[in-house]
Amino acid sequence: MMSRDMTSPDMTGAEPTVRAEQVRKSFGRLEVLKGIDLQVEQGDVMCVIGPSGSGKSTFLRCINHLEKIDAGRLWVNGHLVGYRQKGDKIYELRAKEVAAQRREIGMVFQRFNLFPHMTTLENVMEAPLKVRREPKATVRERALTLLDRVGLADKVDTYPAQLSGGQQQRVAIARALAMQPKLMLFDEPTSALDPELVGEVLDVMRQLALDGMTMVVVTHEMGFAREVGDSLVFMDDGAIVEQGSPRDVLSSPRHSRTREFLSKVL
Amino acid sequence: MTDTASRGPTGGPSAVPEPEAVKAIPVRNYGRWVAAVLAVGLFAVVVTAFGRSDQITWEAVPSLLTRDTILLGAGYTLLISVTAMVLGIVLGVVAAVMRLSPNPVTSSIAAFYVWFFRGTPVLVQLLLWYNLSLAFPTLTIPGIYSADMNAVMTPFVAALLGLGINEGAYMAEIVRAGILSIDPGQVDAANALGMDGRLTMRRIVLPQAMRVIIPPTGNEYINMLKTSSLASVVQFPELLKAHDNIAAGSLAVFEGLMAISIWYLVLTTVFSIGQHFLERRFARGTDRRRTLIERLLANIAPKRVGAQTR
Ligand SMILES: Nc1ncnc2c1ncn2[C@@H]1O[C@H](COP(=O)(O)OP(=O)(O)OP(=O)(O)O)[C@@H](O)[C@H]1O
Ligand SMILES: [Mg+2]
């Protein structure tokens with residue numbers, strides 16, 4: 001592993017946006033990821049499904065280095081995530097460099113995680129203002145455009161506590177987009193929502209996909225996966241059991257564990 | 001099935017009978033009445049005892065209240081309590097952040113600080129600072145600075161260090177509890193946006209922790225207003241010391257103590273009100289119950305407070 005040349009992992013044309021090779025991760029003695037291999041091409045939407053505890057969230061968090069991987073390699077846009085390679089040696093990146101890498105990657109959480117002490121607009125403007133130090137007028141304009149795009153132009157001065165779950169999640173999406181990321185990670189963005197609010201969030205995500213955003217989406221919304229996903233990954237027990245086009249995996253799963261899981265959720 | 005339902009679908013809203021108002025006889029709390037009467041009686045006895053005592057010259061109290069020395073003392077009490085509290089808050093935030101650091105050395109130092117300064121009496125700490133010259137006759141920072149310790153360790157400096165550093169140990173625990181009360185998802189969200197640890201702490205964690213930190217900090221400050229009277233032992237001329245200075249040459253000792261008590265009450269009351277407004281400022285974005293003062297204000301200026309409800 002170490003001796004292979006990792007600086008130019010792809011020989012054939014465009015760099016994939018995400019590339020994972022044998023990614024492993026343990027929490028203490030519990031091995032949560034047991035060698036994940038996958039690629040997400042630029043502009044693609046990859047959906048990830050799997051039972052609870054299979055490591056979906058953990059893998060997503062590894063992609064923007066919220067969790068450190070223990071083994072394997074993970075690249076985003078051709079850069080090793082969280083590390084720098086010089087010759088045979090791997091160096092950990094400084095906190096500032098990790099933060100810089102994360103600016104290219106947006107993340108949307110199951111529980112929204114909006115900043116409750118800031119208004120909707122302040123939530124969206126915070127990172128471009130404080131992290132990228134862009135001029136306030138530019139940021140404000142972009143934030144307003146984004147909030148309009150997710151249908152919340154009239155909620156600009158509202159605090160998160162006064163928004164419905166669906167509205168909060170749409171703000172969270174706008175907040176992530178405000179940093180103009182090249183990749184968006186979604187961790188069960190609709191799981192905490194009342195059923196009637198799921199649609200409005202999926203609509204925003206569908207539009208984002210149409211606009212060409214590269215996305216990795218952990219979801220239980222099979223309809224969304226089938227319609228919007230370019231590929232579908234089924235994870236179980238820390239490993240990828242099956243992957244392919246959503247239509248194939250969902251309608252004719254090859255693996256018995258996939259069939260078993262799908263029979264429970266469909 | 002209810003009555004209204006049995007009347008069939010044609011029965012419009014007018015067909016629904018007004019529900020009968022509840023006219024119940026409230027539970028009578030006789031015990032509460034007895035307790036109230038007893039309390040009022042006892043209070044009256046104490047007040048008249050003080051009022052009747054011919055050993056207390058009440059007429060002397062108002063003039064004592066405004067004696068120059070006492071006024072100056074009140075000013076010094078305010079000065080030392082504010083500066084010591086500021087020092088305490090700064091040290092507390094630093095110690096709390098250090099305590100939560102993954103670096104074991106940093107967090108142990110913070111733990112030691114809290115352990116030492118919470119574990120020894122503040123009165124002793126004040127005397128230790130004041131008498132530091134016994135251990136270090138000269139204060140020396142090699143190559144930069146050197147001075148006679150007694151000249152540096154003035155009553156004010158001793159009081160400031162004694163009270164402030166002690167307060168920092170208590171504030172550290174309060175701030176730490178505030179930081180720990182924040183959902184880790186907030187830190188994840190901030191990190192995912194590319195915010196580094198410092199920015200996350202300053203913009204996301206601490207502002208939210210304030211809601212948890214401010215109420216006990218207000219209590220700490222009110223305590224500090226009163227504890228600052230201990231600074232009299234290091235000759236700092238705050239209220240108690242000011243009183244001491246006057247009382248030495250007068251017979252109005254009790255009256256003087258009464259006068260400075262009134263000053264302490266004025267100061268603590270004013271700051272309780274200030275604390276209320278501070279708490280409201282940091283409750284932004286959360287549902288909040290209206291406090292006593294807020295309801296009082298609502299009676300005086302209903303519009304102003306009404307506009308606060310978003
Ligand atoms: N910080 C952590 N410390 C210890 N164990 C963890 C931690 N985070 C996750 N785990 C464990 O790792 C395993 C995988 O968790 P993960 O959250 O990735 O699963 P998931 O597939 O996202 O499940 P779900 O569908 O319930 O969200 C679980 O057994 C979980 O308990
Ligand atoms: Mg999960």
Only one residue in A:ALA174, A:ALA178, A:ALA192 is touching a residue at least 40 places away in the same chain (Cβ under 8 Å), within 14 Å of chain B (Cβ to nearest Cβ) and within 16 Å of ligand 1 (Cβ to nearest atom). Which one?
A:ALA192
Residues within the range A:40-81 that are without any contact (Cβ under 8 Å) to a residue 60 or more places away in the chain, more than 17 Å from A:GLU104 (Cα to Cα) and either touching a helix residue (DSSP H, G or I) at 6+ places or on another chain (Cβ under 9 Å) or of a type in the set (S, T, N, Q) (or both), tallied:
4
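Can you say whether A:LEU202 is more than 16 Å from ligand 2 (Cβ to nearest atom), under 24 Å from B:MET195 (Cβ atoms), assigned to a helix (DSSP H, G or I) and at pLDDT 95 or above, as far as the supplied structure shows?
Considered against the rule, which asks whether it is more than 16 Å from ligand 2 (Cβ to nearest atom), under 24 Å from B:MET195 (Cβ atoms), assigned to a helix (DSSP H, G or I) and at pLDDT 95 or above, A:LEU202 comes out as no.
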Condition first: of a type in the set (Lys, Arg), in contact (Cβ under 8 Å) with a residue 24 or more places away in the chain and farther than 19 Å from B:VAL266 by Cβ. Now tell me which residues in the range B:185-242 satisfy that.
B:ARG211
Of the residues in the range A:46-86, those that are more than 16 Å from ligand 1 (Cβ to nearest atom), within 14 Å of another protein chain (Cβ to nearest Cβ) and not in a strand (DSSP E or B) number 2
Taking the criterion of being of a type in the set (A, V, I, L, M, F, W, C) and assigned to a loop (DSSP other than H, G, I, E, B), would at least one residue in the range A:207-222 satisfy it?
yes
Filter result for A:LEU197 (assigned to a helix (DSSP H, G or I), away from chain B (no Cβ under 14 Å), more than 16 Å from ligand 2 (Cβ to nearest atom) and not acidic (Asp, Glu)):
yes
Just one of A:GLY151, A:GLY82 is closer than 21 Å to A:LEU60 by Cβ and not polar (S, T, N, Q); which is it?
A:GLY82
Is it true that A:VAL217 is closer than 28 Å to A:GLN22 by Cβ, within 16 Å of ligand 2 (Cβ to nearest atom) and modelled with pLDDT of 95 or more?
yes
Which of the residues spanning the range A:87-121 are of a type in the set (D, E, K, R) and within 12 Å of chain B (Cβ to nearest Cβ)?
A:ARG94, A:LYS96, A:GLU97, A:ARG102, A:ARG103, A:GLU104, A:ARG111
Does A:ALA95 meet the test of being away from ligand 2 (no atom under 16 Å from the Cβ) and over 19 Å from the mean Cα position of the chain (by Cα)?
yes
Go through the range A:142-167 residue by residue and tally those that are within 12 Å of another protein chain (Cβ to nearest Cβ) and either crowded, with 20+ Cβ neighbours inside 10 Å or assigned to a strand (DSSP E or B) (or both).
3
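The values are calculated or read from the model by the stated rules, or taken from the named source; none is laboratory data. The model shown is predicted, which means the values in this text are computed figures rather than measured ones. Glycine gets a Cβ as well: all are built from the backbone with ideal geometry, and neighbour counts include every protein chain shown.
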